[in-house]
Amino acid sequence: MGTSPLHVTAFRCEPLADIEPQALGLTYFFNAAVDGDPYPVTIRFTGRRVGAKGKLRPRDRFDVTETVEHVVPGSGRLAVTVRVVDIAPGEWQVTATPVNETRSGAGSSRSAMGRQPRLPVATASGTTGYARVIQVRAPGAHLGAWPALVGLGVVAGLATQVLLATHVHLDATRIVALSLAASLAGLVGAKSYYLAGHYLMRRFLPAHRNDDRPAVVTAGLCIQGFVAGAVVTLVVGALVTGVSVGTVLDVTAPGLFFGMTIGRFGCFFGGCCVGRPTASRFGLWSSDQRLGVSRIPTQLFESSLALCIAIPATLAMWATTPQPRGVVFIGTIAAYTLGRQLLFPLRDNPRKTAHGRRLAMALTGLVVLVDVAVGVFA
């Protein structure tokens, strides 16, 4: 890749080489200041298509600016990625120029600017690629990691469910068929939840009104929507087939959380659900498909949370027959919801509600305590 701080995203696939829309992915690497207060960095990207002559047409050139609003001093190496879409396909010559963030007035601001490292101008060349792929590629965001690891999580979850269903003398074939249908319904629920959330943000939050519309297939699924869609399908399927609803949900719960344990690694390597940038030694370098930086690894924290729920739930189902039926499922969902509330402030887009998070923590904490008491003394 060379020593230039500017890199052009490479994607070689002959069948997609000429498919519109085409895009150019550009990444500029730089180091954060060693100390001081968080500060912005603005990079101007300009480009010209190689071979374009005379008066340039709009699709033969571009000039875009990208700003990292809060660079955390001490966070080390950063990589900011932009995508330039709706341009002519072919080879391009591009330049990245850091824009000085001047502050008029206070000497403290000039002093802070003086501590920031001077960023170099950089040039590079590269070829356009299919926009749908370029838009999800960036340093630290690995193409295909999310579907691969989430798929592996689904397989692990189904295997755990079959093992427990056989252990409690349920028809494993029927349970698997029901779970596959629930998984498909969960995917629909996850996508619907994601789209609804983004619509509401664009509709009611001024800061998000200019957000790009999420891709219908390639991006955006919410675990809350998946769980809701899958659970409704399991309940309806159990009622239709005459199987105990509570037992079906109980044998499903451990597999659900083993699946999340694996699937959240897909989020980490795929570039979603990211944590806040940090200078802490416990930070891990990862990307949200736009900004690669040392971050709080919230996806891995949530993976650990899911594992800590899955193991005792599996032991409970294996060692005894929990009563009343459904107690394992209710307890695990409540514990997971409580844990997520604790992790939300660590995410790069924390939930902003006046009392919703505290209320959710109080309610789910109470449910966990009551559920454990019922399971132990019933």
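Scanning segment 56-70 for residues that are in contact (Cβ under 8 Å) with a residue 24 or more places away in the chain and more than 24 Å from the chain's Cα centre (by Cα) yields a count of 5.
Filtering segment 56-72 to residues that are of a type in the set (Lys, Arg) and part of a strand (DSSP E or B) leaves only ARG61. For segment 42-55, give me each residue that is over 14 Å from LEU6 (Cβ atoms) and either surrounded by 12 or more Cβ atoms within 10 Å (Cβ to Cβ) or of a type in the set (Asp, Glu) (or both). THR42, ARG48, ARG49, VAL50, ALA52, listed by residue number. The number of residues in segment 312-341 being in contact (Cβ under 8 Å) with a residue 24 or more places away in the chain and under 30 Å from the mean Cα position of the chain (by Cα) comes to 15. Scan segment 183-191 and tell me whether some residue there is modelled with pLDDT under 90, within 19 Å of PRO254 (Cβ to Cβ) and assigned by TED's automatic domain parsing to the domain that holds ALA319. Yes, because at least one residue in segment 183-191 is modelled with pLDDT under 90, within 19 Å of PRO254 (Cβ to Cβ) and assigned by TED's automatic domain parsing to the domain that holds ALA319.
Matching residues to (1) outside the structural domain of ASP348 (by TED's automatic domain parsing); (2) closer than 26 Å to ALA159 by Cα; (3) part of a helix (DSSP H, G or I); (4) β-branched (Val, Ile, Thr):
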position: PHE269; (1), (2), (3), (4): no, yes, yes, no
position: SER286; (1), (2), (3), (4): no, no, no, no
position: GLN289; (1), (2), (3), (4): no, no, no, no
position: MET317; (1), (2), (3), (4): no, yes, yes, no
position: GLN323; (1), (2), (3), (4): no, yes, no, no
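Count of segment 77-106 residues, restricted to those that are touching a helix residue (DSSP H, G or I) at 6+ places or on another chain (Cβ under 6 Å), at pLDDT below 90 and closer than 27 Å to ASN31 by Cβ, is 1. Within segment 20-50, if we keep just the residues that are out of contact with any helix residue (DSSP H, G or I) (no Cβ under 9 Å at 6 or more places or on another chain) and not in a strand (DSSP E or B), the residue that is farthest from ALA96 (Cα to Cα) turns out to be PRO38.
The values are calculated or read from the model by the stated rules, or taken from the named source; none is laboratory data. In this text, all values refer to a predicted model and were calculated from it rather than measured experimentally. All Cβ positions, even for glycine, are placed from backbone atoms using ideal geometry, and neighbour counts span all protein chains on display.
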